[in-house]
Amino acid sequence: MSEMARLQDRPALRERHVVDELMASLSPETRVLRDEPLAKRTTLRVGGPADVYVEPASEADLAAVLRYCAAREIPFFVLGRGSNLLVRDGGFRGVVICLAHPAFARIEVQGECLHCGAGARLKQVAAEARRHGLGGLEFLDGIPGSVGGALRMNAGAMGRATFEVLRTVRAMDAQGVVHEWAAADLEVGYRCCPGLKEHVALEAVFQGRPAPREEIERRMNEWNLKRWQSQPASPSAGCIFKNPAGIPAGRLIEELGLKGARVGGAAVSTEHGNFIVNEGNARARDVLELMALIKYYAKAQRGIELEPEVVIVGED
Ligand code: EPU
């Protein structure tokens, strides 16, 4: 059967009986929403709805959702805090899974390690580490994402990246089977972790090191200040492109004279060239067109191939 025919054969996911069938296999604590707008769940605040949006209340329910999708070849993706995500205007034909239920948000300190659920906020992880006098995790304070998102993309800031402070990770595959790896056994790169691409991260163990609380606090304040001085406060998806070899994308975009360039309601930030901000009424299309324009000039004028850092999902 052709790919197109197969996709057309798929049950209309938004139909009530299809969703009812999915819900029948889940505990009542799991939230399932049809036609859920995603714009409000991303920091960029653009994009259409998900056919189905699920917040599993347990690993068992998450496994059931994944098996449901696998059996029917329904596409899914995992939404973290939506801080590095661009959803296209047509929304997502499939299931969006979000580990926002408290069952996935635990942060437990054991000795010098923090055991964190994938749904926990990185800011919270950094705060707990500080409370227990554990240094080395201060950079997580400034990343507006969840533990799961940080694992999936090896998120970083201030010259540090998630996998540098990671000991182990637990993750579930598309068949609902749980795996556990030492961080060193997973393939990682700059802003990517191919080893976790097909998995849903469940839990991470971060390694801290004892440090005076004032020192941790001072570092966090210093970095916060640096961030507030160099990055825009308006809605954005963080850095939109990965830094290419040789020059930070922000500087390159500034040198190309593109700061302030706009398409519709999307504009290149005047504060930091590698941020596209939503001025209030942007559509995903505006952001994508602006990205294409930046890519075009970077290639034409400097021979540099910019690669999106932001994850792009959905259809036009
Ligand atoms: N710069 C300019 N013009 C600009 C922006 C930056 O000349 O418009 C220059 C800065 O002066 C600096 C250099 O470019 O000399 C690098 O800028 P910055 O220190 O802001 O760091 P960055 O490489 O642009 C990276 C991460 C950020 C992270 C910051 C701070 C990437 C793509 N970005 O930005 O991460 O917050 O360091 O640690 O790696 C993100 O991943 O979404 C993100 C925002």
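Each value in this text was obtained by applying a stated rule to the coordinates, not by laboratory testing. No experiment lies behind these values; they were computed from the predicted model shown. Cβ: placed from backbone, ideal geometry, glycine included. Neighbour counts: every protein chain shown.
Under a 5 Å amide H cut-off, with hydrogens placed 1.01 Å from N, residue 166 pairs with 207 among residues at least 5 apart or on other chains.
How high is the relative contact order of the stretch 154-197, in percent, with contacts defined as C-alpha pairs under 8 Å that are six or more residues apart?
Details: 47 pairs, mean separation 15.7, N = 44.
Computed value for the stretch 154-197: 36 percent relative contact order.
With each label modelled as a point 7 angstrom along the Cα→C-beta vector, the residue 164-residue 271 pair spans 2.4 nm. Each helix, a run of at least 4 DSSP H residues, gives -39500 (n - 2.57); summed and divided by the residues of the chain, these come to -9000 deg cm²/dmol at 222 nm.
Residues in the stretch 162-168 carry Karplus couplings, in order, of 3, 5, 5, 10, 9, 9, 9 Hz; the curve used is 6.51 cos²θ - 1.76 cosθ + 1.60 with θ = phi - 60°, and Gly or Pro positions show x. With both labels modelled 7 Å from their Cα along Cα-to-Cβ, the residue 229 to residue 292 distance reads 3.9 nm. Computed extension length for residue 127-residue 301: 58.3 nm, one decimal, from 0.36 nm per residue of separation with the Cα-Cα distance subtracted.
The trypsin sites (Lys or Arg not before Pro) of the stretch 151-218 that meet both conditions, a loop assignment by DSSP and at most 16 other Cβ atoms within 10 Å of the site Cβ, are 197.
Whole angstrom only: what separates the Cα centroid of the stretch 167-196 from the Cα centroid of the stretch 224-257? Spelled out, the Cα-based centre of one part sits 28 Å from the other.
Hey, got a sec? Which chymotrypsin sites (Phe, Trp or Tyr not before Pro) in the stretch 136-210 land in a DSSP loop and have at most 15 other Cβ atoms within 10 Å? When the chymotrypsin sites (Phe, Trp or Tyr not before Pro) of the stretch 136-210 are filtered for loop state and at most 15 Cβ neighbours within 10 Å, 190 remain.
Choose one answer from 164, 254, 305: the residue with the largest mean-square fluctuation in a GNM of the chain with alpha-carbon springs under 10 Å. Highest fluctuation of the listed residues: 305. In this structure the amide hydrogen of residue 94, modeled in the peptide plane, comes within under 5 Å of the amide hydrogens of 51, 52, none closer than 5 places in sequence on its chain.
Here the spin labels are modelled as points 7 Å beyond Cα on the Cα-Cβ line, and at residue 31 and residue 73 they lie 3.2 nm apart.
Per-residue Karplus couplings for the stretch 99-110, computed as 6.51 cos²θ - 1.76 cosθ + 1.60 with θ equal to phi - 60°, are listed in order as 8, 8, 5, x, 4, 9, 10, 5, 10, 10, 8, 10 Hz, Gly and Pro entered as x. For the residues 145, 159, 82, a GNM of the chain with alpha-carbon springs under 10 Å puts the largest fluctuation on 159. Whole-Hz Karplus values for the stretch 259-268 come out as 4, x, 4, 9, 9, x, x, 9, 9, 6 Hz, taken residue by residue from phi with 6.51 cos²θ - 1.76 cosθ + 1.60 and θ = phi - 60°; glycine and proline positions read x.
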